[in-house]
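Worksheet for the structure shown next.
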Amino acid sequence: MNWDAIGAIGEIVGALAVFITLVYLALQIRQNTRAVHSSALDSTVNTISIARQSIYENDEVARVYLKGLATPEELDDLERLKFRLLVHNLMLSQSNIFAQTKFSDLPISEWQAQISVIKRVVGSAGGAWFWKEFAQEFDAEFRAEIDRIMK
């Protein structure tokens, strides 16, 4: 066997090693992408759960929330503050899902599942008041999406 043949075998082995390495890296990237998607979904679910938990664990907060949705003009200053912050947290959760859908390839179905929640909150008298007064505190693309949904 001459040196040319040995060199050719070395090149084939080297090319095969590079190919195997590329396949391995592609699999690792795919696995990492799945982990990122899973983490993004977990983050959005946790964010929503925390906001909702404050409502169902505290009767006073639940009363303020229901009163604020129905008749925000009847809220006193303290109740209005609580209602505004509660709705702000809920909308921040929605904004997070919207952003995760755009930037981390969270399935669009996760965002679409929130549309009925947004319509229920922002479509209420109190939600409409909140959105009119505080929408500017959210990202422009998110505001445009909420305005599109509410039309």
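Readers should treat all values here as calculations from the given coordinates under stated rules, not as data from a laboratory. Note that this is a predicted model, so its numbers are computed, not measured. A quick note on method: Cβ atoms are made from the backbone with ideal geometry, for glycine too, and the neighbour counts reach across all protein chains shown.
Quick check on region 102-116. Is at least one of its residues under 17 Å from Leu69 (Cβ atoms), β-branched (Val, Ile, Thr) and either touching a residue at least 12 places away in the same chain (Cβ under 8 Å) or in contact with a strand residue (DSSP E or B) (Cβ under 7 Å, 6 or more places away or on another chain) (or both)?
The answer is no, given that none of the residues of region 102-116 is under 17 Å from Leu69 (Cβ atoms), β-branched (Val, Ile, Thr) and either touching a residue at least 12 places away in the same chain (Cβ under 8 Å) or in contact with a strand residue (DSSP E or B) (Cβ under 7 Å, 6 or more places away or on another chain) (or both).
Quick check on my filter: what residues within region 49-78 are under 24 Å from the mean Cα position of the chain (by Cα) and polar (S, T, N, Q)?
Answer for region 49-78, where residues must be under 24 Å from the mean Cα position of the chain (by Cα) and polar (S, T, N, Q): Ser49, Gln53, Ser54.
Filter region 94-131 down to the residues that are assigned to a loop (DSSP other than H, G, I, E, B) and of a type outside the set (S, T, N, Q) and list them by number. Walk me through how you get there before you give the answer.
First, pick out the residues of region 94-131 that are assigned to a loop (DSSP other than H, G, I, E, B): 104-107, 113-114, 123-124.
Once the filter is applied, which keeps residues that are assigned to a loop (DSSP other than H, G, I, E, B) and of a type outside the set (S, T, N, Q), region 94-131 yields Asp105, Leu106, Pro107, Ala113, Gly123.
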